[in-house]
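The values are calculated or read from the model by the stated rules, or taken from the named source; none is laboratory data. Being a predicted model, the structure only gives us computed values, none of them experimental. In this analysis, Cβ positions are derived from the backbone assuming ideal geometry, glycine residues included, and neighbour counts consider all displayed protein chains. With ligands, DNA and RNA removed, areas are computed over all heavy atoms of the protein, side chains included. Shrake-Rupley method; radii C 1.70, N 1.55, O 1.52, S 1.80 Å.
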Amino acid sequence: MDFHRVGTLVEIPEGELRAYDLPAGRVAIAHVENELFALGDECTHEGCSLAEGEIDDVKDTVVCPCHASEFDLRNGEPIEGPAEDPVPVYTVRVEDGWVEVGPLVGE
Ligand code: FES
């Protein structure tokens with residue numbers, strides 16, 4: 001997957017998440033202390049939107065709003081259940097103030 005421009009950095013205030021639709025599916029972009037993370041928006045438990053969840057900026061995780069599964073923003077792994085499967089994590093970069101989402105991390 002090439003990089004896709006999804007929006008501007010100012011749309012994603014620090015400590016918050018925003019969801020964007022991409023050809024590969026919906027992604028949630030998290031802005032944590034000057035770093036961005038892009039992960040699949042759909043919780044692997046029952047599909048709630050992780051962009052509606054809460055960031056933990058100490059652990060670099062997002063907590064699902066539905067049943068509190070907690071995912072590591074760096075690798076998408078669930079560190080608290082009930083979710084058992086990871087969410088995909090995408091490369092993300094900022095170019096001239098634009099947020100761009102690229103291939104899956106590790107591809
Ligand atoms: S849908 Fe996310 S924890 Fe249940």
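Note on the stretch 4-104: with charges restricted to the Cβ of Lys and Arg (+1) and Asp and Glu (-1), its dipole about the Cα centre is near 320 debye. Taking every protein chain into account, the accessible area of the stretch 66-107 amounts to 55 square angstrom per residue (probe 1.4 Å).
Among 21-33, 85-97, the peptide with the highest mean count of other Cβ atoms within 10 Å heads the list, and the full ranking is 21-33, 85-97. Here the simple spin-label model places points 7 Å from the Cα toward Cβ, and for Arg26 and Arg74 these points are separated by 2.8 nm. Could you work out the relative contact order of the stretch 12-65? I mean the mean sequence separation of Cα pairs under 8 Å and 6+ apart, divided by the number of residues, in percent. So the answer I get is 29 percent. Working from label points 7 Å from Cα in the Cα-to-Cβ sense, the Val105 to Asp85 distance is 1.9 nm. With the simple spin-label model, which puts each label point 7 Å out from Cα in the Cβ direction, the Arg5 to Asp60 separation comes to 2.8 nm.
Surface composition of the chain: carbon and sulfur atoms hold 43% of the protein heavy-atom accessible area at a 1.4 Å probe. Label the stretch 20-84 by shape, choosing from rounded, prolate and oblate, from the square roots a ≥ b ≥ c of the eigenvalues of the Cα gyration tensor; if a/c is under 1.5 it is rounded, and otherwise prolate applies when a/b is larger than b/c, oblate when it is not. Taking the square roots of the gyration eigenvalues as a ≥ b ≥ c, the stretch 20-84 is oblate. Please say if the stretch 1-49 is rounded, prolate or oblate, where rounded means a/c under 1.5 for a ≥ b ≥ c the square roots of the C-alpha gyration tensor eigenvalues, and otherwise the choice is prolate for a/b larger than b/c and oblate otherwise? It comes out oblate by the Cα gyration axes.
The stretch between Glu46 and Asp96 holds 14.4 nm of extra length on full extension. This uses 0.36 nm per residue minus the Cα-Cα distance.
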